[in-house]
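Worksheet: one structure, shown below.
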Ligand SMILES: [Fe+2]
């Protein structure tokens, strides 16, 4: 069975928030804005959103406590704030952290549940969500996934709900212009990882490949300009959303679940963790499932796996070194991740250790 489900309306272009002000009133009279401390202000996105809401006579409150790699506890607090305020809908402004947090906030706002119940059955539909991405990478604006930090398990863990898809994603490339180079590299690597993992897993289908191959075609052309310091933000946002649409249908595989441990224990930014692990993963793919790697290379426009890995390595702004003990500990933990079963071959703990060991 195959299914195409992409319920997010995507609007792309400079000034798209203010130009589409009338769309906001469809969602109610009270909004809860979810964001972090700085980028929403710096990019001008927060001012655009608040001015738009005011013009539409929509009241709002702001929850700006979302940290990098947000915790379930933070999202629970945001949910209580949205609930107490009587918010009709939620607006996320930011990269993956605020967007993922907003999905949990929207669920906590409509359900009386304890923080960890987010990983059980979510009884009532979350509040409607609108998203304004400030990076091109996460794809969270077009997926139902929310990846949160759970201290109890010392790792990141995802939940999803069919109603957690953003109703509208406003993609304004102007908001990305002040991105630091390292964040641009990390988030571009994340988008690339989504497209690659979507094409290299058991759930890959003709439907998901429409998005993933298109994302790779764009990224193959865009990444050299990112590395050269001349990024095309509009095309990057588009490519990143295409990659997000691909994983909305397939999920990610071991690169992501292995990367979560680098983020949790070693504070490596999410996209960089993927970029660090991708070469080891791709070389194993070439060994176990070479026929699946050929269309990946063709879509990206790379002659060989080594050439693709060379480009990925250029997106790593700062290397990470692991100790032998970390390699062993992380591999032991990562092999129990639920998406290991979606890998194209039965990956072993030793193989995961060999991927981590490329960072020794
Ligand atoms: Fe990701």
Being surrounded by fewer than 24 Cβ atoms within 10 Å (Cβ to Cβ) and under 17 Å from residue 14 (Cβ atoms) is the filter here; which residues of the range 231-249 pass it? 231, 232, 233, 234, 235, 238
Top-ranked residue of the range 144-162 - restricted to ones that are away from the ligand (no atom under 16 Å from the Cβ) and touching a strand residue (DSSP E or B) at 6+ places or on another chain (Cβ under 8 Å), ranked as nearest to residue 337 (Cα to Cα): 150
Residue 308 vs. criteria at pLDDT 95 or above, outside any helix (DSSP H, G or I) and at negative phi: no
If residue 284 satisfies every condition in (1) more than 19 Å from residue 337 (Cβ to Cβ); (2) more than 13 Å from the ligand (Cβ to nearest atom) but one, which is the exception? (1)
Search result, residues across the range 262-280 that are within 14 Å of the ligand (Cβ to nearest atom) and in contact with a helix residue (DSSP H, G or I) (Cβ under 6 Å, 6 or more places away or on another chain): 262, 263, 268, 269, 270, 271, 272, 273, 274, 275, 277, 278
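The values are calculated or read from the model by the stated rules, or taken from the named source; none is laboratory data. The structure displayed is predicted, hence computed values, not measured ones. Here the Cβ is made from the backbone with ideal geometry for all residues, glycine too, and neighbour counts use every protein chain on show.
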